[in-house]
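Asks: I'd like to ask some things about the structure below.
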Amino acid sequence: MKKADFERRYAKIADEVRSLRETEKYGNNGVRCWLIGYMTSGNYSYTSAQLKKVFDLGFGDGKAPGAGKQSGT
């Protein structure tokens, strides 16, 4: 997906995630489940970096556990 298109979708997704956390009281697991459903519906293609950025929203602190660490070190 083109960067400009992704940034627009990302802003919409981030707003929805914020709303789910604040009004619906979704926890991290609920947000991640919602993200999976949202991202797999429709006819969009994402790069791995785009998917990572979106799914990082599913963690309260914005980063997946162990993010940035190399395995085996």
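The values are calculated or read from the model by the stated rules, or taken from the named source; none is laboratory data. The model shown is predicted, which means the values in this text are computed figures rather than measured ones. In this analysis, Cβ positions are derived from the backbone assuming ideal geometry, glycine residues included, and neighbour counts consider all displayed protein chains. Protein only, heavy atoms only, side chains kept; ligands, DNA and RNA dropped before computing areas. Shrake-Rupley method; radii C 1.70, N 1.55, O 1.52, S 1.80 Å.
Asks: State all residues of region 12-23 that are open to solvent by 90 Å² or more (accessible area, probe 1.4 Å) and not charged (D, E, K, R); if no residue qualifies, say none.
Replies: 23
Asks: Name the residue that is farthest from residue 14 (Cα to Cα), counting only residues in region 34-57 that are among the polar types (S, T, N, Q) and free of Cβ contacts under 8 Å to residues at least 40 places away in the same chain. Steps first, answer last, please.
Replies: Taking region 34-57 as the starting set, the residues that turn out to be among the polar types (S, T, N, Q) are 40-41, 43, 45, 47-48, 50.
Filter once more, so that each one left must be free of Cβ contacts under 8 Å to residues at least 40 places away in the same chain: 40-41, 43, 48.
Working: 40: 16, 41: 17, 43: 19, 48: 18 Å.
My answer is 43.
Asks: Would you confirm, using the coordinates I've provided, whether residue 9 is under 12 Å from residue 58 (Cβ atoms) and open to solvent by less than 90 Å² (accessible area, probe 1.4 Å)?
Replies: Numbers: under 12 Å from residue 58 (Cβ atoms): no; open to solvent by less than 90 Å² (accessible area, probe 1.4 Å): yes.
When the stated conditions are applied, residue 9 does not pass them.
Asks: Being open to solvent by 50 Å² or more (accessible area, probe 1.4 Å), touching a Phe, Trp or Tyr at 6+ places or on another chain (Cβ under 8 Å) and in a helix (DSSP H, G or I) is the filter here, so list the residues in region 24-55 that pass it.
Replies: If the condition is that a residue be open to solvent by 50 Å² or more (accessible area, probe 1.4 Å), touching a Phe, Trp or Tyr at 6+ places or on another chain (Cβ under 8 Å) and in a helix (DSSP H, G or I), then 28, 32, 34, 53 are the ones that fit.
This table checks each residue for (1) out of contact with any Asp or Glu (no Cβ under 9 Å at 6 or more places or on another chain); (2) at pLDDT 95 or above; (3) not hydroxyl-bearing (Ser, Thr, Tyr).
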residue	(1), (2), (3)
11	yes, yes, yes
19	yes, yes, no
28	yes, no, yes
40	yes, no, no
45	yes, no, no
